[in-house]
Every structure is written in structure tokens, then in C-alpha cells.
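The values are calculated or read from the model by the stated rules, or taken from the named source; none is laboratory data. Quantities reported herein were computed from a predicted structural model and do not represent experimental measurements. Every residue, glycine as well, gets a Cβ built from its backbone with ideal geometry; the counts of neighbours run over all protein chains shown. Just the protein is used for accessible areas: all its heavy atoms, side chains included, with ligands, DNA and RNA removed. Shrake-Rupley method; radii C 1.70, N 1.55, O 1.52, S 1.80 Å.
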Amino acid sequence: MSITDLLREGFQRHGDSPTVKHYTDWGVYRDVFESLANGELGLERKILVEASGGVRIEGRGEISLYEQNSNLSKYHMILSNEAIVAGFHGGKGFINVKPVAEAGVNIGNLIARIDSPGTLVLKVVNNVSNGLLLFGLNINVADNVEASIIVDVEEASGSASSINFRVGTGRGSISNLVFLVSPGRMMRMEGLVKPGDNSLVLARLTGVLNEDSRIDAVVDGLIDGLNTTLNLYSTLYLSKHSTGSVRGRGTISSKASDARLVYGFESILEEEAVAYMQPFLEVNSNRVLEARHYARNYLVTVDKLFYLATRGLSFSEAKNIVLTGLLTSLMPGELRSYCYSEIKRRMRSLPED
């Protein structure tokens with residue numbers, strides 16, 4: 001199927017509600033792919049990947065995208081399914097990813113194989129100002145490995161992206177995973193987290209949205225093994241006029257036993273920001289130890305900051321302290337330290353009240 005044929009199908013899957021369609025700016029993607037099909041935009045089928053620390057670039061492979069939520073994965077696979085393979089061999093590792101061009105459609109895929117304990121930071125910088133970044137990511141954690149993983153995506157205000165990921169962990173592994181995102185004009189995220197038997201996965205989407213930025217995220221989780229725990233959380237800070245849509249389905253299959261699944265969404269809103277949250281649970285087994293979900297909003301108001309302000313801080317400083325604490329709560333050690341400093345930096349770049 002060609003891009004022209006896909007444009008006739010649109011982007012949204014039929015199961016999405018009118019509310020979701022309202023919050024998702026599919027016009028961004030339609031305009032880009034129409035321009036690409038008409039030859040008005042260039043296409044780069046590679047990304048720049050740099051590795052350091054305990055990471056080595058180990059060749060090429062084929063990406064496996066999560067194709068449950070929108071037709072963007074079809075566009076992605078038509079353009080490129082070839083991936084760079086990076087191996088993380090313990091300690092501390094860093095991967096930096098950048099588009100090749102600052103305009104047009106940039107597409108790139110990465111497979112990260114984690115075979116030893118440690119902390120991996122994957123930094124993606126999207127500075128494509130006239131076009132789109134398509135980024136596919138597979139993270140595979142080996143059996144009996146304890147790993148902390150940060151996927152840090154930072155976009156320029158005029159940039160747009162589609163990020164598709166699959167996270168799979170092996171038997172007996174422990175994984176702490178944070179997606180730290182700062183969207184531009186539009187970011188679409190869709191992905192799946194699938195833990196192995198006797199494993200523990202704590203996964204969190206943490207977002208800082210500047211004015212007029214927008215994110216539409218679908219994060220699904222699947223437990224189909226024995227004695228498995230999966231906690232999926234999302235916490236977004238939305239500044240004025242920004243929009244966040246986060247939803248997903250946590251599924252416990254009929255094959256699962258002694259499963260624990262928690263699925264929670266939170267949004268911290270400034271005035272005139274909009275958040276839409278929709279967590280689902282699908283439980284197909286009666287051998288479940290825990291299964292629950294929740295969604296809640298916090299509104300940032302002056303009275304909530306008054307106590308800190310009376311201690312000598314400006315309202316801006318007080319707000320940054322409160323928000324940074326909320327956005328990094330419950331994160332373990334190194335992940336919290338990294339995210340705290342990055343969120344604090346990004347908060348400083350937000351407009352003053």
C-alpha cells in the first residue's frame with residue numbers, strides 16, 4: 001500500500017471516540033504526508049545515533065512496531081523498517097538520537113538490547129521545524145537483569161513527531177522505565193509494555209507541556225505470564241493553552257497467574273489547559289492478586305502556593321518546586337535525579353505568570 005492509498009484511509013482507528021478525535025490534531029500528520037506524497041517535502045530514512053558509556057552500536061535489524069492504535073505505524077513501515085541495534089552491557093550508558101535534517105520527514109528506528117544491570121539514558125532531540133520525526137523504538141531487557149531506563153524526548157516548539165515503541169522484559173528481570181517528554185506542536189506516542197514471567201516493571205510517562213503544545217499518548221500493558229507485576233503511570237504538567245490526551249489498556253490474559261497490575265493517570269493543569277485521561281483494565285484471569293486503575297487532575301492555583309511564597313519564595317519558584325516534586329515522585333534514585341534536573345531546566349524556560 002502506498003502513502004497515497006493510506007491518505008484515503010485517514011489516521012484514526014474506528015474505535016476511538018469523538019472526544020479523542022477532538023484532542024488529537026491529525027491535521028498535522030495529514031498535511032505532512034500529503035506534502036510528502038506530492039514531492040513538496042524531502043525524506044530522510046536515517047537518524048544520527050551516538051553511543052557512549054556501556055553502550056555499543058552492534059549492527060542493523062528490523063523494527064517491530066506496535067500497530068494497535070493508529071495508521072501512523074503503517075506510514076512508518078512503508079517508509080522504513082530498518083533499525084540500528086545498540087547493546088547495553090552494564091554500568092551507565094548513553095544514546096543520543098537526532099534527525100539528519102531540520103525539515104521534511106525524518107524517520108529512524110532503534111533497537112536497544114539490555115543484557116546487564118545498570119542505567120541507560122536515551123536522549124532524543126527533535127528539531128524538525130517543517131515536517132515530522134517518525135521514531136520507532138524497541139527495548140528488550142534480558143532475563144534476570146535489573147535495569148533503569150530513561151527515554152528523554154525533547155522537541156522544539158514548532159516540531160511534531162510520531163513515536164512508536166515496544167518494551168519487553170525477560171524472565172526474573174526488574175525494570176524501572178521513564179519516558180520523559182516535552183512535546184512541540186504535536187506528539188503522538190503509542191506503545192506496549194510487556195513484562196516476562198516472575199518480573200517487575202515500573203513504567204512512567206512524565207510530560208512537561210509548554211504553551212500551545214499537544215500530546216496524544218496511548219500506552220498499553222500486557223501480562224500473560226506467571227507472578228508478574230506491572231505498574232503503569234502517567235503524570236503530565238500542562239501549562240496554559242496546552243492539551244494532553246493519555247489513554248491505554250492494561251490487559252491480564254487468561255494465561256496469567258499471580259498478576260499485579262496498577263494503571264494510573266494524573267494531570268497537573270494550569271488555567272486554560274485541557275487534559276483527557278482514559279485508563280482501561282481488561283482482566284481475563286481469576287488468578288489475580290491486584291488490578292486497579294485511577295485518573296485524577298490537580299489544578300495549580302495561587303492559594304496552593306501561598307505557604308511556600310510566605311517563606312520567601314516567589315510564586316514562580318514555589319510553583320517550580322511543587323511541580324518538580326509531583327512529576328518525580330515515586331521514581332527510584334538515579335531516575336529521579338536525572339528527571340528532577342531536566343524538569344527543573346525545562347520549567348525555567350516556561351513563560352512567567
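Tabulated results
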item: Enumerated strands (runs of 3 or more DSSP E) restricted to segment 111-174, each holding at least 1 residues that are open to solvent by less than 10 Å² (accessible area, probe 1.4 Å), touching a residue at least 24 places away in the same chain (Cβ under 8 Å) and touching a Gly at 6+ places or on another chain (Cβ under 6 Å); result: 118-126, 130-141, 160-169
item: Residue under evaluation Ser337, criteria (1) part of a loop (DSSP other than H, G, I, E, B); (2) of a type in the set (S, T, N, Q); (3) open to solvent by 50 Å² or more (accessible area, probe 1.4 Å), criterion not met; result: (1)
item: Condition check for Gly136: touching a helix residue (DSSP H, G or I) at 6+ places or on another chain (Cβ under 8 Å) and under 19 Å from Leu222 (Cβ atoms); result: yes
item: Close pairs from segment 27-52: first of a type in the set (D, E, K, R), partner open to solvent by 60 Å² or more (accessible area, probe 1.4 Å) and assigned to a strand (DSSP E or B), Cβ under 9 Å, at least 6 apart; result: Arg45/Glu82; Lys46/Glu82; Glu50/Ile57; Glu50/Phe94; Glu50/Asn96; Glu50/Lys98
item: Hits in segment 34-49 (condition: polar (S, T, N, Q) and open to solvent by less than 100 Å² (accessible area, probe 1.4 Å)); result: Ser35
item: Count of segment 99-108 residues which are open to solvent by 40 Å² or more (accessible area, probe 1.4 Å) and not in a strand (DSSP E or B); result: 2
item: From the options Leu209, Leu232, Leu177, residue that is over 20 Å from Leu137 (Cβ atoms), aliphatic (A, V, I, L, M) and in contact with a strand residue (DSSP E or B) (Cβ under 6 Å, 6 or more places away or on another chain); result: Leu209
item: Residue match in segment 19-33 (condition: among the acidic types (Asp, Glu), modelled with pLDDT under 95, under 28 Å from Tyr276 (Cβ atoms) and open to solvent by less than 70 Å² (accessible area, probe 1.4 Å)); result: yes
item: Residue identified as among the small types (Gly, Ala, Ser) and closer than 22 Å to Lys319 by Cα among Gly207, Gly248, Gly225; result: Gly207
item: Search result, residues across segment 141-160 that are under 23 Å from Gly184 (Cβ atoms) and among the acidic types (Asp, Glu); result: Asp152, Glu154, Glu155
item: Residue ranges of strands (runs of 3 or more DSSP E) in segment 228-295 with at least 2 members open to solvent by 20 Å² or more (accessible area, probe 1.4 Å) and among the β-branched types (Val, Ile, Thr); result: 274-283
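For every residue, the table says whether it meets (1) within 12 Å of the chain's Cα centre (by Cα); (2) closer than 22 Å to Val121 by Cα; (3) modelled with pLDDT of 95 or more.
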{"position": "Gly158", "(1), (2), (3)": "no, no, no"}
{"position": "Phe165", "(1), (2), (3)": "yes, yes, yes"}
{"position": "Leu192", "(1), (2), (3)": "yes, yes, yes"}
{"position": "Ile223", "(1), (2), (3)": "no, no, yes"}
{"position": "Leu230", "(1), (2), (3)": "no, yes, yes"}
{"position": "Leu236", "(1), (2), (3)": "yes, yes, no"}
{"position": "Tyr263", "(1), (2), (3)": "no, no, no"}
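Conditions tested, residue by residue: (1) of a type in the set (A, V, I, L, M); (2) open to solvent by less than 10 Å² (accessible area, probe 1.4 Å); (3) not in a strand (DSSP E or B).
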| residue | (1), (2), (3) |
| --- | --- |
| Ala51 | yes, no, no |
| Val55 | yes, yes, no |
| Glu58 | no, no, no |
| Gln68 | no, no, yes |
| Tyr75 | no, yes, yes |
| Ile78 | yes, no, yes |
| Gly87 | no, yes, no |
| Gly93 | no, yes, no |
| Val97 | yes, yes, no |
